[in-house]
Amino acid sequence: MTPSATDSPVPKGRSRRNFAGARPVMADVARLAGVSKQTVSRVLNDHPAVRPETREAVLDAMRTLGYRPSRSARSLASGRTRMLGVISFDAARYGPASILTAINTAAQEAGYLVSSIALDTADHDTVVEAVNRLSAEGADGVIAIAPQQWVGRALAETDLGTPLVVLESALDDSTPLVTGDSRTGARKATEHLLRLGHATVWHIAGPAGWTSADHRLASWQATLQAAGADVPAPLAGDWSADSGYDLGRRLARRPEVTAVFVSNDQMALGLLHALHESGRSVPGDVSVVGYDDIPEAGHLLPPLTTVRTDFAEIGTRSLRLLLDRIDGPGGQPRVDTLVPVDLVVRASTGPPPPVG
């Protein structure tokens, strides 16, 4: 096939215009490479129809001119904004903050900007307002960190009109879900304490209605039942160290409590404080297992046994899933991604105290 005049590399020896001074634009690249602006646009968007020698000529012209394509130029060429939206709740907590950092890093590596909306409340109108704002900004896709079940319901009732990936709460049969494996994590924590010889395991749960808290609570109960152990009444915290401390003071007064599984590390920190204050040693009198493996967990006294969640992996996987949805055909089935968890055994767990 005879190449067209607009799709030909610059001939060897052609004199090159001096573009010093003004910032080069796409037309300058096209002129220097001897191609059309459309061909430059195709190279920018990695279009497969461009011949290798033409592509190299355009790239060479970009290097010569020091041309850096603007985001708006890419958007016009591709019909995309190269911007992704993220809706998050309780973003100050370690888990959501770590996930958001990973999403931003992965998006930057993929050539996307991220517009984040952190919400203090999760009522229906607030969620709809956030979705509308991201839609107005032209987000190519949205990741929703939806730890509470009612957030998922609000998103399900909202016509987003763009690809969506949800963390924690499943929406429907088509929206991809990414979450840490809370059920397995709770089972590992409870089994660890039972294997150490504790007759049963008490539980400080997260607030009801939070998907991870509900899953950990249910798995703790099921694991005790499967082992034939008594199931004590769970105590509900609010994720804070203060609530762990308040509930820990109640547990510290009960001599039969020798092992506690706590639904996050912040509450476990409060529990450790309460036990120490009451004169009950850890792990001599009471063993404690937390959840999340915050950076400080290994430096507590004693270092905390906990379930490690790879929040960076959750963020990275959610970003990849969203880009697959953006680039792929519509009507894809839902992909559920459970990110594995690990039990990190440290000095806060041991055998129960001797009887009598």
For this session: Take segment 327-356 and flag every residue that is at pLDDT 85 or above and either open to solvent by 90 Å² or more (accessible area, probe 1.4 Å) or of a type in the set (A, V, I, L, M, F, W, C) (or both).
Result: L338, V339, V341, L343, V344, V345, A347, P354
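Listed here are the residues, each with its yes/no results for (1) in contact with a helix residue (DSSP H, G or I) (Cβ under 7 Å, 6 or more places away or on another chain); (2) open to solvent by 20 Å² or more (accessible area, probe 1.4 Å).
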position	(1), (2)
I99	yes, no
S116	yes, yes
D125	no, yes
A130	no, no
A136	no, yes
P147	yes, no
R153	no, yes
Exercise. Got at least one residue in segment 216-226 being over 24 Å from E168 (Cβ atoms) and touching a strand residue (DSSP E or B) at 6+ places or on another chain (Cβ under 6 Å)?
Worked result: no
For this session: Identify the residue in segment 295-326 that is among the hydroxyl-bearing types (S, T, Y) and buried (at least 21 other Cβ atoms within 10 Å of the Cβ) and, among all such residues, is farthest from S212 (Cα to Cα).
Result: T305
Exercise. Which condition number does T105 fail, the rest of (1) open to solvent by 20 Å² or more (accessible area, probe 1.4 Å); (2) closer than 29 Å to P207 by Cα; (3) modelled with pLDDT of 90 or more being met?
Worked result: (2)
Seminar exercise, completed: When every residue in segment 284-294 that is crowded, with 21+ Cβ neighbours inside 10 Å and in a loop (DSSP other than H, G, I, E, B) is compared, the one farthest from the chain's Cα centre (by Cα) is V286
For this session: List the strands (runs of 3 or more DSSP E) that sit entirely inside segment 138-255 and contain at least 1 residues that are over 19 Å from the mean Cα position of the chain (by Cα) and among the hydrophobic types (A, V, I, L, M, F, W, C).
Result: 202-205
For this session: Under 9 Å between Cβ atoms, at least 6 apart or on separate chains: pull out the pairs that start in segment 206-233 with a residue that is in contact (Cβ under 8 Å) with a residue 12 or more places away in the chain and basic (K, R) and end on any residue that is open to solvent by less than 20 Å² (accessible area, probe 1.4 Å) and in a helix (DSSP H, G or I).
Result: R216/S182; R216/G185; R216/A186; R216/A189
Exercise. Quick check: anything in segment 55-72 of a type in the set (A, V, I, L, M), open to solvent by 80 Å² or more (accessible area, probe 1.4 Å) and either assigned to a helix (DSSP H, G or I) or at pLDDT below 80 (or both)?
Worked result: no
Seminar exercise, completed: Filtering segment 221-245 down to residues that are of a type in the set (A, V, I, L, M) and crowded, with 17+ Cβ neighbours inside 10 Å yields L224, L235, A241
For this session: Within segment 256-270, track down each residue that is in a loop (DSSP other than H, G, I, E, B), in contact with a helix residue (DSSP H, G or I) (Cβ under 7 Å, 6 or more places away or on another chain) and within 15 Å of A241 (Cβ to Cβ).
Result: S263
For this session: Could you please tell me which pairs satisfy a Cβ distance under 7 Å, a separation of 6+ or placement on different chains, a first residue in segment 335-356 that is closer than 30 Å to S174 by Cα, and a second residue that is assigned to a loop (DSSP other than H, G, I, E, B) and open to solvent by less than 90 Å² (accessible area, probe 1.4 Å)?
Result: V335/P176; L338/D181; V339/D181; V339/D310; P340/D181; V341/D181
For this session: Could you check, for segment 271-283, whether at least one of its residues is part of a helix (DSSP H, G or I) and touching a residue at least 40 places away in the same chain (Cβ under 8 Å)?
Result: yes
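The values are calculated or read from the model by the stated rules, or taken from the named source; none is laboratory data. As the structure is a prediction and not an experimental result, all values here were calculated from the model. Note that each Cβ is placed from the backbone with ideal geometry, even for glycine, and that neighbours are counted across all protein chains shown. The protein model used for the area step is the full one, side chains on, heavy atoms only, and it has no ligands, DNA or RNA in it. Shrake-Rupley method; radii C 1.70, N 1.55, O 1.52, S 1.80 Å.
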